[in-house]
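Okay, structure first, notes after.
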Amino acid sequence: GAVVSQHPSWVICKSGTSVKIECRSLDFQATTMFWYRQFPKQSLMLMATSNEGSKATYEQGVEKDKFLINHASLTLSTLTVTSAHPEDSSFYICSALTSGTVDEQFFGPGTRLTVL
Amino acid sequence: GQSLEQPSEVTAVEGAIVQINCTYQTSGFYGLSWYQQHDGGAPTFLSYNGLDGLEETGRFSSFLSRSDSYGYLLLQELQMKDSASYFCASRMDSSYKLIFGSGTRLLVRP
């Protein structure tokens with residue numbers, strides 16, 4: 001099956017700093033990627049849809065100036081959490097959409113962000 | 001609003017069969033998917049129902065009834081490794097965005 005990677009797998013940062021998370025589709029091209037956030041013991045919440053070559057589409061309640069998304073190529077999307085605060089500590093998961101005979105999302109392994 | 005409701009926890013014995021239900025209220029509906037997630041891991045795709053009826057994939061089966069806004073995941077011959085969280089998810093529209101259910105933690109006991 002298709003493989004999606006995320007880097008870093010975990011990060012600890014100080015409050016007020018910015019953190020960049022990368023999402024890569026390793027063996028397929030993805031014009032569309034999705035970013036989710038998951039708090040402990042809770043469900044995945046869709047944050048935004050990342051489209052290659054265009055602006056991301058954010059879900060209601062997600063601050064686009066705080067969570068910057070760049071989808072610069074068909075295999076890479078980045079999420080930058082700007083001026084991170086402790087309440088941004090969460091598990092961030094991306095997924096990449098394949099296309100072809102079957103459209104399916106493949107999820108990355110996630111990035112655990114802890115803001116001190 | 002859009003919501004997919006699941007039981008929060010289910011416990012079952014190794015070798016048994018367990019059913020995880022999902023009821024949904026959505027403005028649009030393009031089908032129901034099921035994902036498994038172990039603690040700290042990524043969700044992995046299990047099954048998809050685009051039409052009413054039963055889909056079988058090995059030990060896992062999934063069922064959908066659009067008229068009842070209801071689906072379930074059936075796990076047979078439970079194994080200890082099946083202990084995980086299970087999520088139903090629905091596509092709202094043609095954009096492939098997924099809305100996830102509240103999730104069910106399954107504990108399989110010896």
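Residue by residue through region B:90-110, note down the ones that are more than 10 Å from chain A (Cβ to nearest Cβ), modelled with pLDDT under 95 and in a strand (DSSP E or B). Selection gives B:SER90 alone. Looking across B:PHE45, B:PHE63, B:PHE87, one residue alone is under 13 Å from the mean Cα position of the chain (by Cα), at pLDDT 95 or above and within 14 Å of another protein chain (Cβ to nearest Cβ). It is B:PHE87. For region A:22-51, residues that are away from every other protein chain (no Cβ under 14 Å) and either within 15 Å of the chain's Cα centre (by Cα) or buried (at least 21 other Cβ atoms within 10 Å of the Cβ) (or both) total 1.
Pairs are defined by a Cβ separation below 8 Å, a sequence spacing of at least 6 or placement on different chains, a first member in region B:40-65 that is without any contact (Cβ under 8 Å) to a residue 24 or more places away in the chain, and a second member that is of a type in the set (Asp, Glu) and exposed (fewer than 14 other Cβ atoms within 10 Å of the Cβ); the pairs so defined are B:ARG59/B:GLU77; B:SER65/B:ASP52. Looking only at region B:11-64, count how many residues are in a strand (DSSP E or B) and surrounded by 13 or more Cβ atoms within 10 Å (Cβ to Cβ). So the count comes out to 26.
Given (1) more than 12 Å from B:GLY31 (Cβ to Cβ); (2) part of a loop (DSSP other than H, G, I, E, B); (3) within 11 Å of chain A (Cβ to nearest Cβ), identify the lone condition not met by B:GLU77. If we test B:GLU77 against (1) more than 12 Å from B:GLY31 (Cβ to Cβ); (2) part of a loop (DSSP other than H, G, I, E, B); (3) within 11 Å of chain A (Cβ to nearest Cβ), just (3) comes out false. Among the residues of region B:65-81, those identified as within 26 Å of A:TYR36 (Cα to Cα) and surrounded by 20 or more Cβ atoms within 10 Å (Cβ to Cβ) are B:GLY71, B:TYR72, B:LEU73.
Of the residues making up region B:84-110, those that are touching a residue at least 40 places away in the same chain (Cβ under 8 Å) and surrounded by 17 or more Cβ atoms within 10 Å (Cβ to Cβ) number 17. The residue that is farthest from A:GLN42 (Cα to Cα), counting only those in region A:75-95 that are within 11 Å of chain B (Cβ to nearest Cβ) and buried (at least 22 other Cβ atoms within 10 Å of the Cβ), is A:SER95. Is one or more of the residues making up region A:62-74 within 11 Å of another protein chain (Cβ to nearest Cβ), in contact with a Ser or Thr (Cβ under 7 Å, 6 or more places away or on another chain) and modelled with pLDDT under 95? No; the residues of region A:62-74 include none that is within 11 Å of another protein chain (Cβ to nearest Cβ), in contact with a Ser or Thr (Cβ under 7 Å, 6 or more places away or on another chain) and modelled with pLDDT under 95. With respect to the conditions (1) surrounded by 13 or more Cβ atoms within 10 Å (Cβ to Cβ); (2) under 23 Å from B:GLN36 (Cβ atoms), A:LEU68 falls short on a single one, namely (2).
Considering every residue within region A:55-71, establish whether at least one is touching a residue at least 60 places away in the same chain (Cβ under 8 Å) and either in contact with a His (Cβ under 6 Å, 6 or more places away or on another chain) or aliphatic (A, V, I, L, M) (or both). No, because not a single residue in region A:55-71 is touching a residue at least 60 places away in the same chain (Cβ under 8 Å) and either in contact with a His (Cβ under 6 Å, 6 or more places away or on another chain) or aliphatic (A, V, I, L, M) (or both).
Being among the β-branched types (Val, Ile, Thr) and under 12 Å from the mean Cα position of the chain (by Cα) is the filter; apply it to region B:9-42 and report the residue that is farthest from B:SER83 (Cα to Cα). By that ranking, first place goes to B:THR23.
The values are calculated or read from the model by the stated rules, or taken from the named source; none is laboratory data. All figures in this text were calculated on a predicted structure; none of them were measured in a lab. Cβ: placed from backbone, ideal geometry, glycine included. Neighbour counts: every protein chain shown.
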